[in-house]
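The block underneath contains the structure these notes are about, expressed in structure tokens.
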Amino acid sequence: MSDRSLRHRVHEIIFEADTPAGKFFDIALLVLIVISIIVVMLESSQDYNETYGTFFWYTEWFLTIVFTVEYVLRLWVTIRPLQYALSFYGVVDVLAILPSYLTLILPNAQYFLIIRILRLMRVFRVFKLGQYLSEGDQLGRALIASRNKIAVFLFAVTILVIIIGSIMYLIEGGQNDGFSSIPRAVYWAIVTITTVGYGDITPQTRIGQFLSAIVMILGYAIIAVPTGIVTNEMMNANAEKTVSTQVCRFCAREGHASDAVYCKYCGGRLNP
């Protein structure tokens, strides 16, 4: 088997989920990622760490070596490895293995390995959930399209909570130590208008309680505004064709239409 055909075969196994070997590889990889996340979470417990610390250490380093070999293979089979290394999944793959090596010079750096949970996003491709990728892409476009409206909305809410907080400070400032300053009153306004309601600061006067009730009701009305903005943009957005699980051999990016022949990102031919 020539080097080119070997790279093509390894590319199919690592990047493609349509073949039995590729699907088995991806499922096995997801299982290892889940095991790694569980190990990191259990290792943070002092009781478990004292009992199984050595087992956790060997397991984590074994998984780190496996993920390192996998990352190197991904770079090897990609025709333009730098583009993959700088892509979202490429950066996540590096961040998934880097903390283990940082533990050699920085104590407790292994807890940053929890970022490996981002690699579970590959499950959408493994189980052919391409329609969810398409919907996610549509949601992203809707958020970008509505960013100006959302920015104006947040600016208006910021002004509103400052005004409400200042009024509440005038009402409760001399009656309740909780409203000891305007920033503390603004904090109360933010907590109340977002309907979180921690309850650590509460008005004591009747006027303050009346204003508090108005702010709480106003909060429910405000919640509907950004929802309506994004929903309107999603209705106006044109949904793209169903995406496939095809991964570009040149830049290793996904999200192509099911009938695509060339990569929409780098122009490389998808099928050899």
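Here, each number is a calculation from the coordinates, and none is a lab measurement. Note that the coordinates shown come from a computational prediction; the quantities given were computed from them, not determined experimentally. Backbone-built Cβ (ideal geometry, glycine too); neighbour counts: all protein chains shown.
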Taking amide H atoms as placed 1.01 Å from N in the peptide plane, list the residues 5 or more away in sequence, or in a different chain, whose amide H sits under 5 Å from that of residue 262.
270
What shape does the range 143-236 have by the C-alpha gyration tensor, where a ≥ b ≥ c are the square roots of the eigenvalues, rounded means a/c under 1.5, and otherwise prolate means a/b greater than b/c and oblate the rest?
prolate
Local electrostatic count, residue 266, Cβ distance below 9 Å [Lys/Arg +1, Asp/Glu -1]
+3
